[in-house]
Structures are given as C-alpha cells and as structure tokens.
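The structure appears below as structure tokens.
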Amino acid sequence: MVITIPLVLLFAAVALLLLRFKAVGAGAAVVVALFGFYLAHTGAADTVNQLVAAVTGALADIGR
C-alpha cells in the first residue's frame, strides 16, 4: 500500500515542528511563507515545480 502526502502538508508539518522547538522564530517563518507565496507568482514557479517533481520522482524510484 502506498500512502501519499501532499508536499504542502509536509512543509507545514516541518514548519510547525521548527516553531514548536524554537529552531526558528515566528517572524522568520512568516517571511519564508510569504517568500514562497510571492515566488509562486513569478516566472521561476515553473522551474521550481519541475525541480520538485524531478526530485520527488527520483526519490520514488530509489524506493523501488
């Protein structure tokens, strides 16, 4: 059985853990979230999506 987790939920969980254990401050977390939001509206969004798809595809192939 294969369980898939959306990448957004994984990033949200990591961000919450970093905030919980005070590895990063709330201000830095907001800045990073806003950076991601604004990055999604630039020409770099397609490149970032292709890079993430390639990395996740490679990781999936390693598990086979």
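Remark: residue 35 falls outside the filter, which requires a residue to be open to solvent by 100 Å² or more (accessible area, probe 1.4 Å) and touching a helix residue (DSSP H, G or I) at 6+ places or on another chain (Cβ under 9 Å). Kindly check whether there is at least one residue in the range 11-28 that is assigned to a loop (DSSP other than H, G, I, E, B), modelled with pLDDT under 85 and of a type in the set (Lys, Arg). No: zero hits.
The values are calculated or read from the model by the stated rules, or taken from the named source; none is laboratory data. All figures in this text were calculated on a predicted structure; none of them were measured in a lab. Note: ideal-geometry Cβ built from the backbone for every residue, glycine included; neighbour counts use all protein chains shown. Surface areas here come from the heavy atoms of the whole protein model, side chains and all, with no ligands, DNA or RNA. Shrake-Rupley method; radii C 1.70, N 1.55, O 1.52, S 1.80 Å.
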